[in-house]
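Please treat every number below as a calculation from the coordinates, not as lab data. Just so we're clear, the structure is a prediction, and the values are computed from it rather than from any experiment. As a convention, Cβ positions derive from the backbone with ideal geometry for all residues, glycine included, and neighbour counts pool all protein chains shown.
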Protein chains: 2
Amino acid sequence: MVKKIAVLGYGVVGSGVVELFYKNKKKIEANTHTELDVKYILDLREFPDDPYADKVVHDIQVIIDDPEVCYVAECMGGVNPAFQFVNACLEAGKSVATSNKQLVAEKGDILLAAAKKNNCNFFFEASVGGAIPIIRPLHTCLAANDISEIAGILNGTTNFILEKMFCDKMDFADALSLAQELGYAERNPSADVDGADACRKICILSSLAFGKHVYPESVYTKGIREIAKEDVQLAQELGGAVKLIGAVKRLDDGRILPTVMPMVVLNDSLISHVNGVFNAVMVWGDGVDKTMFYGRGAGKLPTASAVLGDIIDAVKSNGTVDSQSWEAVEDNSFVAGMDEFKAPRMYRLENISEDSVIKTAESVGISVISQTNSGCLVSSCDEDKAKEFADKLESIGIIVKAQIPVLEDN
Amino acid sequence: MVKKIAVLGYGVVGSGVVELFYKNKKKIEANTHTELDVKYILDLREFPDDPYADKVVHDIQVIIDDPEVCYVAECMGGVNPAFQFVNACLEAGKSVATSNKQLVAEKGDILLAAAKKNNCNFFFEASVGGAIPIIRPLHTCLAANDISEIAGILNGTTNFILEKMFCDKMDFADALSLAQELGYAERNPSADVDGADACRKICILSSLAFGKHVYPESVYTKGIREIAKEDVQLAQELGGAVKLIGAVKRLDDGRILPTVMPMVVLNDSLISHVNGVFNAVMVWGDGVDKTMFYGRGAGKLPTASAVLGDIIDAVKSNGTVDSQSWEAVEDNSFVAGMDEFKAPRMYRLENISEDSVIKTAESVGISVISQTNSGCLVSSCDEDKAKEFADKLESIGIIVKAQIPVLEDN
């Protein structure tokens with residue numbers, strides 16, 4: 001019996017799913033030992049010139065009611081009506097693969113429970129890192145590990161902008177304009193540059209790694225709008241680069257601290273060399289030590305590759321894959337706030353007089369790792385100490401233009 | 001019912017498997033919804049002071065005959081008696097996870113067939129890239145892709161040696177001695193420095209990606225013994241590094257070309273920044289474009305992490321996972337030889353006179369990409385053309401000290 005797939009949303013990703021499916025149909029069928037076909041494409045629009053125009057439908061109910069449809073690829077984006085549609089598909093026992101990070105970050109717990117209740121799967125490999133295999137490796141290959149930390153470049157748009165500021169000495173505004181021209185950034189770029197996109201992804205990774213749903217509201221999130229090209233230049237002088245880093249750490253008390261913020265990444269960290277629209281995710285565990293996954297964070301076929309990988313896994317799975325799951329939570333007290341955040345820091349300074357920086361650092365109990373005419377790197381400290389240092393510098397006439405935490409990659 | 005695990009070989013990896021299993025037993029049991037325990041440790045030696053001394057047995061038959069033992073971790077190394085032991089376990093319906101690349105590269109087809117016949121699994125995530133999740137992502141997350149190429153740093157020992165030659169200007173011999181002192185290289189370092197270890201790993205990756213068993217004998221394999229520190233230095237001047245690269249490419253005629261050889265990797269390739277004993281594997285597919293997996297290529301707990309990831313998957317699998325498999329082959333005509341190999345090249349030269357290199361290159365139909373006083377990079381060409389260029393250079397009095405292909409990372 002041929003098992004049927006429905007694709008929700010026929011935009012960039014949805015059309016990529018259909019294209020890649022038919023390109024590699026034989027291979028996919030051999031891998032799954034199952035005959036497969038795309039039966040429906042749900043979209044509000046018509047696509048009269050499309051080779052698959054005859055599969056286009058406008059009513060989700062057609063898909064929900066069709067028992068031939070076993071698998072659904074959700075590529076619509078946004079929470080409404082994606083949530084209602086996906087939930088209805090799961091309730092009908094159809095497994096769903098999604099590329100929609102907002103949906104997973106905001107409603108993952110509910111949809112995972114719906115999948116479990118109906119003995120099917122809610123998969124979301126494409127929601128983090130686009131093409132990069134990260135979700136499945138986390139709960140399969142790395143399943144014997146106690147995960148302690150995850151940190152990555154989870155947004156290609158900001159990584160492209162920061163690279164242009166780094167390599168071509170562009171201002172943020174010019175680099176953003178270029179990203180928009182090239183189609184890497186939206187006309188309203190807020191979700192990318194203000195960190196919401198990276199925040200959703202670190203929510204998903206945190207939820208999966210630590211077993212409880214982390215909602216976007218509980219994650220400290222800072223974008224890259226305030227990064228000046230002088231910050232990027234100083235980082236370069238000090239042997240690093242500025243990257244927007246989504247990260248989560250498990251604290252000693254068992255709570256976790258997820259953050260999204262621009263960070264300085266020193267050159268000896270592989271992630272500092274991840275450029276352009278590529279993404280990379282590092283994972284630390286007590287068995288593997290450190291591992292990294294790298295690839296295209298977005299794009300038609302790369303994202304489709306991840307969605308279809310999920311469909312293939314859904315075909316082969318015998319019921320719900322419990323390990324790709326997490327619990328809903330009543331309160332978020334397991335998520336720590338920035339008062340627990342510690343990191344080395346880069347300070348961009350003006351009006352430095354000789355030895356003044358080192359002496360001031362000493363006086364507050366931190367040490368200067370390296371220094372140039374326009375700033376310094378100091379040893380790890382918490383937010384209070386970082387502010388105390390800045391205040392003391394200002395009190396002796398040194399102007400603090402910026403302070404950016406440094407990613408520790410051990 | 002508690003399902004039992006047997007560990008074959010209680011050396012570095014085997015003891016790591018036992019240690020990591022007990023450290024994260026609760027997490028592993030939660031992931032698999034199965035109570036698990038290590039029942040036997042097979043080794044010729046006694047370990048009277050070991051906390052698990054009571055589990056040590058010396059006769060494989062005890063394990064084979066015990067119906068409680070469902071899973072076997074093979075960490076002995078070598079083909080004999082590992083092959084006989086693993087085969088007997090599979091024939092008894094016990095799934096086996098191995099870290100033994102030699103076993104998989106030489107006998108994988110037979111053992112995969114034995115697993116299939118007995119509805120159990122022969123898994124080998126740890127056999128390539130140690131801790132790095134690569135085997136499972138290849139046949140799951142990337143399953144919707146037509147894989148066109150794989151290239152990676154598959155041997156940490158040689159990567160450490162080449163890094164020492166690069167960063168500390170050491171000779172090969174001194175760098176090897178240091179690697180031996182630090183325990184990264186064996187007293188007989190041949191398997192590492194002559195490429196056999198990397199060859200076994202590219203055999204495994206090639207077999208899995210292209211579906212037919214690739215035996216080590218059919219892979220062109222060249223190690224790093226002939227690499228001089230002047231080669232490493234020239235690569236640096238030309239904006240790259242020398243790495244031992246295991247690679248496989250699918251040719252236009254459908255055949256594949258697996259190779260192991262030192263290659264120049266230019267700095268804009270992420271893999272050029274992979275240092276020390278770390279490994280990294282790049283995979284190109286028609287969906288994902290390019291992706292990379294990075295981590296520790298060896299070591300007690302990193303390798304144990306991969307072996308236990310396999311055990312966890314074996315517990316959760318309902319019968320044989322067919323996609324992690326390949327066919328035995330009667331002839332190896334699908335494997336192409338070096339006459340099909342094409343790449344840009346680095347030439348280390350002496351006695352260069354002005355313009356002579358560019359003119360000679362032009363005369364044989366290749367172009368010079370960049371040049372220094374001691375060598376050049378030229379555009380992609382096959383082995384015949386590469387030799388023709390070298391011969392012509394020699395004929396005008398330029399001495400060709402070395403020629404090293406360049407990895408193309410597009």
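Taking every pair of alpha-carbon atoms in region A:87-127, give the share separated by more than 11 Å as a whole percent.
Looking at region A:87-127, the distances longer than 11 Å represent 56 percent of pairs.
Give me a single rounded figure for A:302-310: the average over its residues of other chain Cβ atoms within 10 Å of their Cβ. Mind showing how you got there, number by number?
Working: counts 7, 2, 4, 11, 5, 2, 6, 10, 4.
Mean partner-chain Cβ count within 10 Å for A:302-310: 6.
Based on the alpha carbons, how large is the Rg to Rh ratio for region B:341-405 when Rh follows Kirkwood? Walk me through the numbers before you get to the answer.
On the way: Rg = 10.1 Å, Rh = 11.2 Å.
Rounded to two decimals, Rg/Rh equals 0.90.
With all projection directions averaged, the alpha carbon convex hull of region A:13-134 covers 7.7 nm². Partner aspartates and glutamates whose Cα lies under 12 Å from the Cα of A:Lys3, excluding those fewer than 8 positions away in the same chain, are identified as A:Glu29, A:Glu35, A:Asp37, A:Asp66, A:Glu68.
Do the sum for chain A: with -39,500 (n - 2.57) for every DSSP H run of n ≥ 4, divided by all residues, what is the mean residue ellipticity at 222 nm, to the nearest 500 deg cm²/dmol?
Working: 14 runs with 147 residues, N = 410.
It comes out at -10500 deg cm²/dmol, rounded to the nearest 500.
Phi angles of region B:341-354 translate, via the Karplus equation with coefficients 6.51, -1.76, 1.60 and θ = phi - 60°, into HN-Hα couplings of 6, 10, 6, x, 9, 9, 10, 9, 10, 10, 6, 6, 10, 3 Hz per residue; Gly and Pro are given as x. In region A:296-410, the convex hull through the Cα atoms has an average projected area of 12.3 nm², a quarter of its surface area.
Listed by chain and number, the lysines placed with their C-alpha closer than 24 angstrom to that of B:Lys392 are B:Lys342, B:Lys359, B:Lys401; residues fewer than eight positions away on the same chain are left out. Separation of region B:153-173 from region B:333-359 is 23 Å, based on Cα centroids.
Of the peptides B:206-213, A:153-160, B:71-78, B:110-117, the order by per-residue mean of other Cβ atoms within 10 Å, starting with the highest, comes out as A:153-160, B:71-78, B:206-213, B:110-117. Most simply put, the protein assembly as shown has about 65% antiparallel DSSP beta bridges, counting only bridges with both residues inside it. Sorting the segments A:2-10, A:301-309 by their residues' average number of neighbouring beta-carbon atoms within 10 angstrom, most packed first, yields A:301-309, A:2-10.
For B:Lys401, the residues 5 or more places off, or on other chains, whose built amide H falls under 5 Å of its own are B:Arg348, B:Leu349, B:Glu350.
The phi-based Karplus calculation (6.51 cos²θ - 1.76 cosθ + 1.60; θ = phi - 60°) puts the 3J(HN,Hα) values of region B:99-104 at 9, 9, 5, 5, 4, 5 Hz, whole numbers, x for Gly and Pro. Across chain B, the mean sequence separation of Cα contacts (distance under 8 Å, 6 or more residues apart), normalised by length, yields a relative contact order of 18 percent.
Report for chain A the percent antiparallel among DSSP-assigned beta bridges with both residues inside it, nearest 5.
Values: 45 of 69 bridges.
If we restrict to bridges inside chain A, about 65 percent are antiparallel.
When each of the peptides B:326-339, A:169-182 is scored by how many other beta carbons lie within 10 Å of its residues on average, the order from highest to lowest is A:169-182, B:326-339. In order along region B:251-268, the Karplus-derived 3J(HN,Hα) couplings, from 6.51 cos²θ - 1.76 cosθ + 1.60 at θ = phi - 60°, round to 7, 4, 7, x, 6, 10, 10, x, 9, 10, 6, x, 9, 7, 10, 6, 4, 7 Hz, and Gly and Pro are given as x. Across region A:136-295, the mean sequence separation of Cα contacts (distance under 8 Å, 6 or more residues apart), normalised by length, yields a relative contact order of 33 percent. Kindly provide log₁₀ I(q)/I(0) values, in the same order as q = 0.19, 0.21 Å⁻¹, from the Debye equation applied to equal alpha-carbon scatterers of region B:145-295. Ignoring solvent entirely, the Cα scatterers give -1.12, -1.30. Between copies, B:Glu226 shows label-point distances of 5.8 nm, shortest first, with the point placed 7 angstrom from Cα along Cα to C-beta. Projecting the Cα atoms of A:Leu308, A:Ala336, A:Thr291 onto the charge dipole of region A:284-357 (Cβ charges, centred on the Cα centre) puts A:Leu308 farthest toward the positive pole. Global dimensions of region A:1-74 from alpha-carbon coordinates: Rg and Dmax equal 11.9, 34 Å.
Counting, for every residue in B:280-288, the Cβ atoms of other protein chains within 10 Å of its Cβ and taking the mean gives 6. Peptide B:143-154 has a mean of 4 when you count, residue by residue, the C-beta atoms of other protein chains within 10 Å of its C-beta. Panel values: region A:233-278, Kirkwood radius from alpha carbon pairs, Stokes-Einstein at 20 °C and 1.002 mPa s, translational diffusion coefficient 180 µm²/s.
Give me the compactness ratio for chain A, meaning the Cα radius of gyration over 2.2 N^0.38 Å. Intermediate values should be presented prior to the final figure.
Values: Rg = 23.0 Å, N = 410, 2.2 N^0.38 = 21.6 Å.
This ratio for chain A stands at 1.06.
Normalised by the number of residues in region A:341-405, the average gap of Cα pairs under 8 Å and 6 or more apart makes the relative contact order 49 percent.
Inter-copy label distances for B:Lys401: 4.4 nm (label point placed 7 Å from Cα along Cα→Cβ; shortest first). Taking only the Cα atoms of the protein assembly as shown, the radius of gyration and Dmax are 27.2, 80 Å. Shown for B:Ile369, A:Ile41: other C-beta atoms within 10 Å of each C-beta, ranked fewest to most, produce the order B:Ile369, A:Ile41. Distances between copies of A:Asp331, taken at a point 7 Å out from Cα along the Cα→Cβ vector and listed shortest first: 7.4 nm. The local environment of B:Gly375, defined by Cβ-Cβ distances under 13 Å, has a net charge of -1 under the rule Lys, Arg +1 and Asp, Glu -1.
Evaluated over region A:136-295, the count of Lys pairs having alpha-carbon atoms less than 28 Å apart is 23 (only pairs 8 or more residues apart or interchain).
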